[in-house]
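Step one of this worksheet: look at the structure below.
The values are calculated or read from the model by the stated rules, or taken from the named source; none is laboratory data. Because the structure is predicted, anything quoted here is derived from the model rather than measured. For neighbour counting, all protein chains shown are included, and Cβ atoms are generated from backbone atoms with ideal geometry for every residue, glycine included. Keep in mind that these areas ignore ligands, DNA and RNA; they rest on the heavy atoms of the full protein, side chains included. Shrake-Rupley method; radii C 1.70, N 1.55, O 1.52, S 1.80 Å.
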Amino acid sequence: MDIFYCPVIIRDVTKSHVVIIGGGFAGLHAARELTRIDHEVTVIDRHAYTTFQPLLYQVATAGLNPGDVTYSLRRWASNDKTNLLSFRRATVTAIDSENKQVIVSRGKPISYDKLIVCPGVGANYFGVKGAAENTKLIYTRKKALEVRDIVFSGLELMAAERDPNRKFTAVVVGGGPTGVETAGALAELKTQALPELFPEIGVDSFHVVLVEMTDRLLGPFNRRLQRYTKRALSKLGVDVRLGSAVQEVHPDHVDFADGTSLESDIVVWASGVGAHPIVSNWGLPQGRGGRILINPDLTVVGHDDIFAAGDAALCESNPSPQLAQPAIQMGELVAKNIAAQEEGSALEDFTYHDKGIMATIGRNAAVVELPNGIKMTGFLAWAAWVIVHLMTLLGGRNRVSALLNIAVRYMAWPKSAAGIIGDFAESPAAIKRSTEKQEG
């Protein structure tokens with residue numbers, strides 16, 4: 001009788017163990033490239049999911065469900081066929097570079113041979129008084145949901161009170177893509193959804209203000225696209241205020257540097273990003289905005305075995321824009337440079353390959369600028385924006401769900417402008433009014 005042997009192939013992992021702090025664009029792309037070349041990788045993140053931040057403004061304005069723009073990191077790790085990828089949910093509290101360990105909030109320290117730091121960024125308030133206490137953000141799923149619930153709760157209260165003198169003012173600070181997209185979505189809610197869904201509220205009772213301290217919106221874009229953006233926002237009913245610097249934010253109003261003030265029910269801060277405060281405890285060199293200082297080859301200054309990538313990394317001699325594409329490209333190069341370092345080869349300096357920039361303003365309105373000089377506006381640009389963002393989402397379910405939400409929202413417009421239902425939440429202004437009423 002013939003005996004057939006089935007050999008068992010055991011993968012011998014002899015390459016370094018790489019720990020990655022942060023499950024964003026840079027971290028996930030670095031992890032995939034590293035496992036592909038037989039590195040064991042551990043990804044650490046304080047959340048159990050990764051977030052597609054470019055679409056969080058859609059969550060904040062009831063266009064998409066939070067599940068459409070988030071994806072389980074454990075599910076993502078389990079999809080890796082090499083079995084070299086693992087995920088650890090924890091907050092990084094310190095980095096012991098001498099003993100090559102990452103100290104985390106729960107469980108034992110995690111040892112590494114190589115470390116990649118890409119924790120992403122949060123808000124940069126630029127020292128504006130009251131901004132941290134009295135504004136809302138849309139850089140995380142939780143924060144985006146807070147904005148959504150405050151806006152719709154405010155409208156429901158207005159509908160119940162039926163006070164013709166009562167107004168709801170949403171102030172968006174920052175004229176970059178996040179600020180423009182948020183203001184545009186809120187303005188569509190004002191002009192399209194209010195007459196259909198809130199007949200008790202007059203359109204003029206909902207005030208959307210976009211504040212930018214410079215003299216133009218969408219700074220990196222071509223001037224023609226900047227002018228188009230301002231016209232499109234104004235057509236939607238956005239009060240665009242250029243050359244307006246915020247001096248202080250109060251619970252119910254904003255003070256400007258020119259001495260004027262503006263009443264507000266909610267202030268959405270989209271004026272810039274900076275490193276998370278906890279990064280300062282990691283013992284790594286930091287530069288402008290608290291970003292981690294790196295060399296052109298993406299190694300952290302003073303640390304040959306630690307790399308940094310994404311929005312939180314800064315090469316002072318060659319700074320990169322804080323966008324998704326640079327983060328993705330940096331993550332991929334980090335993996336390549338780790339392999340080169342182990343082989344004794346020269347490391348490659350990072351060069352950003354611009355694939356274009358885009359921003360949406362509202363339904364059928366967007367701006368796209370490609371590196372070859374092609375510029376698009378209107379429906380064509382909006383369609384391109386939708387396609388690119390859907391393709392970039394992680395997971396087939398997320399792509400299908402987001403596509404269905406966008407399609408239904410588009411076809412059922414304008415009643416679909418407020419299609420996602422949230423919970424009741426009070427704005428800082430509403431809390432102040434309630435307190436004053438009780439005290440009075």
Exercise for the section: Would you check if there is a residue in the range 286-295 being in a loop (DSSP other than H, G, I, E, B), of a type in the set (S, T, N, Q) and in contact with a Cys (Cβ under 9 Å, 6 or more places away or on another chain)? Expected result: yes
Completion exercise
The one condition ARG227 fails out of (1) open to solvent by less than 50 Å² (accessible area, probe 1.4 Å); (2) under 26 Å from the mean Cα position of the chain (by Cα); (3) without any contact (Cβ under 8 Å) to a residue 40 or more places away in the chain is (1)
Handout entry: Single match in GLU181, GLU188, GLU133, GLU161 (criterion: touching a Lys or Arg at 6+ places or on another chain (Cβ under 9 Å) and either assigned by the TED database to the domain that holds ILE294 or farther than 17 Å from ALA245 by Cα (or both))
Key = GLU188
Practice task
Check every one of the strands (runs of 3 or more DSSP E) wholly within the range 333-409 and list those with 2 or more residues that are surrounded by 15 or more Cβ atoms within 10 Å (Cβ to Cβ), β-branched (Val, Ile, Thr) and modelled with pLDDT of 90 or more.
Solution key: 357-362, 365-369
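For the structure I just gave you, tell me whether ARG36 is of a type outside the set (Gly, Ala, Ser), open to solvent by 30 Å² or more (accessible area, probe 1.4 Å) and farther than 30 Å from PHE152 by Cα. Talk me through it step by step, then tell me what you get.
Values: of a type outside the set (Gly, Ala, Ser): yes; open to solvent by 30 Å² or more (accessible area, probe 1.4 Å): yes; farther than 30 Å from PHE152 by Cα: yes.
It is true that ARG36 is of a type outside the set (Gly, Ala, Ser), open to solvent by 30 Å² or more (accessible area, probe 1.4 Å) and farther than 30 Å from PHE152 by Cα.
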Practice task
Mind listing just one residue for me: the one in the range 196-221 that is under 24 Å from ALA412 (Cβ atoms) and touching a residue at least 60 places away in the same chain (Cβ under 8 Å) and, of those, most open to solvent (accessible area, probe 1.4 Å)?
Solution key: GLU196
Handout entry: Among (1) open to solvent by 20 Å² or more (accessible area, probe 1.4 Å); (2) within 21 Å of THR140 (Cβ to Cβ); (3) touching a Ser or Thr at 6+ places or on another chain (Cβ under 8 Å), the one test that LEU323 misses
Key = (3)
Problem - ARG89 being without any contact (Cβ under 8 Å) to a residue 40 or more places away in the chain and either in the same structural domain as PHE206 (by the TED database) or within 30 Å of GLY396 (Cα to Cα) (or both) - result: no
Exercise for the section: Return the residue satisfying two criteria in turn: it lies in the range 257-285 and is surrounded by 17 or more Cβ atoms within 10 Å (Cβ to Cβ) and part of a strand (DSSP E or B), and of such residues it is nearest to the chain's Cα centre (by Cα). Expected result: VAL273
Completion exercise
Considering the range 151-174, residues that are out of contact with any Pro (no Cβ under 9 Å at 6 or more places or on another chain), open to solvent by less than 30 Å² (accessible area, probe 1.4 Å) and not in a strand (DSSP E or B), and then whichever is farthest from ALA60 (Cα to Cα), we arrive at MET158
Problem - The one condition in (1) touching a residue at least 24 places away in the same chain (Cβ under 8 Å); (2) farther than 21 Å from ILE95 by Cβ that SER317 fails to fulfil - result: (1)
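So which residues in the range 296-317 are in a strand (DSSP E or B) and open to solvent by 10 Å² or more (accessible area, probe 1.4 Å), if there are any at all? So that I can check it myself, show each step before the final result.
Start the filter on the range 296-317 by keeping residues that are in a strand (DSSP E or B), which leaves 299-300, 303-308, 313-314.
Within the range 296-317, HIS303, ASP304, ASP305 meet the criteria.
Name the residues in the range 89-117 that are among the aliphatic types (A, V, I, L, M) and either open to solvent by 30 Å² or more (accessible area, probe 1.4 Å) or closer than 22 Å to LEU314 by Cα (or both), would you? Let's see the steps before the verdict.
Just the residues of the range 89-117 that are among the aliphatic types (A, V, I, L, M), to begin with: 90, 92, 94-95, 102-104, 110, 115-117.
Hits for the range 89-117 are VAL92, ALA94, ILE95, VAL102, ILE103, LEU115, ILE116, VAL117.
Looking for something on the phi < 0 side of the Ramachandran plot and at pLDDT 95 or above - is there at least one such residue anywhere in the range 7-18?
Looking only at the range 7-18, we keep the residues that are on the phi < 0 side of the Ramachandran plot, and these are 7-18.
This time we only want the ones that are at pLDDT 95 or above, so: 17-18.
Yes: one or more hits.
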Handout entry: Residue within the range 307-329 that is aromatic (Phe, Trp, Tyr) and closer than 29 Å to LEU217 by Cα present
Key = no
Exercise for the section: Determine whether GLY120 is under 23 Å from LEU284 (Cβ atoms) and either open to solvent by less than 20 Å² (accessible area, probe 1.4 Å) or not polar (S, T, N, Q) (or both). Expected result: yes
Handout entry: Filtered residue count, the range 245-256, keeping only those that are free of Cβ contacts under 8 Å to residues at least 40 places away in the same chain and within 24 Å of the chain's Cα centre (by Cα)
Key = 1
